[in-house]
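Below: one structure, written as structure tokens.
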Amino acid sequence: MKITNINLYHLRMPLLNAFETSFGRIQTRDCVLVEAFAEGLIGYGECPADHDPGYSYETVGTAWHILKDFLIPAILDQELVESEDLQVRMGFVRGHLMAKAGLEMALWDLMGKSQGFALHHLLGGVRQQVDVGVSVGLQSSPHELVRVVQGYLDQGYRRVKIKIKPGRDVMDAQAVRKAFPDLRLQVDANSAYTLESAIALHPLDELALLLIEQPLAEDDLWDHSRLQTQFRTPICLDESIVSLRHARQALEMHACRVINIKAGRVGGLSQGRAIHDLCQEQGIPVWCGGMLETGIGRASNLALASLAGFTLPGDISATDRYYAEDITDERFVLNPDSTIDVPDSPGLGVDINQKALKRATLAKISLSNKG
Ligand code: OSB
Ligand code: MG
């Protein structure tokens, strides 16, 4: 198929609750929505770059620039049969993986709609519901954290991740573990430690955590491998894994025992699936990370997490954990067994709510070769 024109939207949506991590606190969440037109169909993709370069160097501003000035001109009116055709055309752009992933997602949505298949089917998924958990931001105190976690358990979540940072790590995790002895619990530091300062995390090894996510810098596979030797608890990498090659190298040097897969971080669903396949071959568990997505990105995450190797619960929560109003008609709900249904209609399987999209839009541009 040939994509003839694309609209980009800069979206900003208010979060129901502020979300605080070791790299910052947000009350609203930005992203770039890609709207691609081909064969009378419309495909959507979400580029999860945020307002600030805290999680990654990419921002809405860099993604907008790279999409508008480089990626989109390279793919408009080109024959694209599968995601690989798109990746080859985008290959001249170094990095900017979230920008590429947003465009790739729109192509998957178009391919699914044109062939009449849901995304989970195109990707090779094996389940209709996926196990999910909730990612809880830093709270004002361990006491408040326990109260917030209790609220999510009351809603039915059976796996909880808490954010940590230096000075807000062991006490927070101990408080949650003490309150909920059997909870499936994990922590995420978002690169806030060094090999030296991570000594402070040693008591976490006594808390029967599922994993410790991304304690060290994103460009530091080697020190993660040294840190892993100090812990029984598996280290899980998020920010550090930006490609299939990084995944292979991380596993070869034992830098982690679990991988968090985010299609946005690795340049698209195709690369996410490739990392899944590698990990599955090697018996390494993976799970689907989240970036506070809208209904578009959430639908994509659910389809990806339906692949057989996603054996740990994903950071894919119900819509009402994030937004009062989403840009899709569909709202995702938590089933009583802490799962969410994988969309089953063609493509992403969700429809845009035009009024909500309009309310969330800060800027829009239309790109085509016809001027
Ligand atoms: O590190 O997993 C992360 C959100 C934004 C950026 C990075 C991360 C997160 C989350 C939230 O943990 C997961 C979710 O979407 O619920
Ligand atoms: Mg993370």
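The values are calculated or read from the model by the stated rules, or taken from the named source; none is laboratory data. Treat the numbers as computed from the prediction; the structure is a model and nothing was measured. Cβ placement follows ideal geometry from the backbone for every residue including glycine, while neighbour counts extend to all protein chains displayed.
Evaluate the following for Gly45: is it out of contact with any Leu (no Cβ under 9 Å at 6 or more places or on another chain) and small (Gly, Ala, Ser)?
Numbers: out of contact with any Leu (no Cβ under 9 Å at 6 or more places or on another chain): no; small (Gly, Ala, Ser): yes.
Taking the combined requirement at face value, the residue does not satisfy it.
Tallying residues that are crowded, with 22+ Cβ neighbours inside 10 Å and either over 25 Å from the mean Cα position of the chain (by Cα) or away from ligand 2 (no atom under 15 Å from the Cβ) (or both) within segment 186-203 yields 2. Here Val266 clears all of (1) of a type in the set (A, V, I, L, M, F, W, C); (2) more than 14 Å from the chain's Cα centre (by Cα); (3) under 18 Å from Ser83 (Cα atoms) except the condition numbered (2).
Number of residues in segment 14-52 that are among the hydrophobic types (A, V, I, L, M, F, W, C), in a strand (DSSP E or B) and surrounded by fewer than 20 Cβ atoms within 10 Å (Cβ to Cβ) equals 8.
Quick check on my filter: what residues within segment 338-353 are assigned to a loop (DSSP other than H, G, I, E, B) and either hydroxyl-bearing (Ser, Thr, Tyr) or free of Cβ contacts under 8 Å to residues at least 40 places away in the same chain (or both)?
To start, the set of residues in segment 338-353 that are assigned to a loop (DSSP other than H, G, I, E, B) comprises 338, 342-346, 348-351, 353.
Once the filter is applied, which keeps residues that are assigned to a loop (DSSP other than H, G, I, E, B) and either hydroxyl-bearing (Ser, Thr, Tyr) or free of Cβ contacts under 8 Å to residues at least 40 places away in the same chain (or both), segment 338-353 yields Ser338, Ser345, Asp351, Asn353.
Applying the condition of being outside any loop (DSSP other than H, G, I, E, B) and more than 12 Å from ligand 1 (Cβ to nearest atom) to segment 303-329 and asking which residue is surrounded by the fewest Cβ atoms within 10 Å (Cβ to Cβ) yields Asp320. Look at segment 127-139: where a residue is surrounded by fewer than 18 Cβ atoms within 10 Å (Cβ to Cβ) and a partner is assigned to a loop (DSSP other than H, G, I, E, B) and among the hydroxyl-bearing types (Ser, Thr, Tyr), sitting 6+ places away or on another chain with Cβ atoms under 6 Å, you get Arg127/Ser306. Out of all the residues in segment 268-281, is one or more within 29 Å of Leu221 (Cβ to Cβ) and assigned to a loop (DSSP other than H, G, I, E, B)? Yes, some residue in segment 268-281 is within 29 Å of Leu221 (Cβ to Cβ) and assigned to a loop (DSSP other than H, G, I, E, B). Could we say that Leu367 is at pLDDT 95 or above, under 24 Å from Thr28 (Cβ atoms) and assigned to a strand (DSSP E or B) here? Spelling it out, it is not the case that Leu367 is at pLDDT 95 or above, under 24 Å from Thr28 (Cβ atoms) and assigned to a strand (DSSP E or B). Quick one: which residue in Ala274, Ala217, Ala250 is small (Gly, Ala, Ser) and within 16 Å of ligand 1 (Cβ to nearest atom)? Going through Ala274, Ala217, Ala250 in turn, just one is small (Gly, Ala, Ser) and within 16 Å of ligand 1 (Cβ to nearest atom): Ala217. Answer yes or no as to whether Phe70 is within 13 Å of ligand 1 (Cβ to nearest atom) and either of a type outside the set (Lys, Arg) or over 19 Å from the mean Cα position of the chain (by Cα) (or both). No.
Mind checking whether some residue in segment 95-116 is at pLDDT 95 or above, of a type in the set (Ser, Thr, Tyr) and closer than 19 Å to Met291 by Cα? Can you show your working first?
Going through segment 95-116, the residues at pLDDT 95 or above turn out to be 95-116.
Among the residues that remain, those that are also of a type in the set (Ser, Thr, Tyr) are: 114.
Within this subset, residues satisfying the condition of being closer than 19 Å to Met291 by Cα are none.
No.
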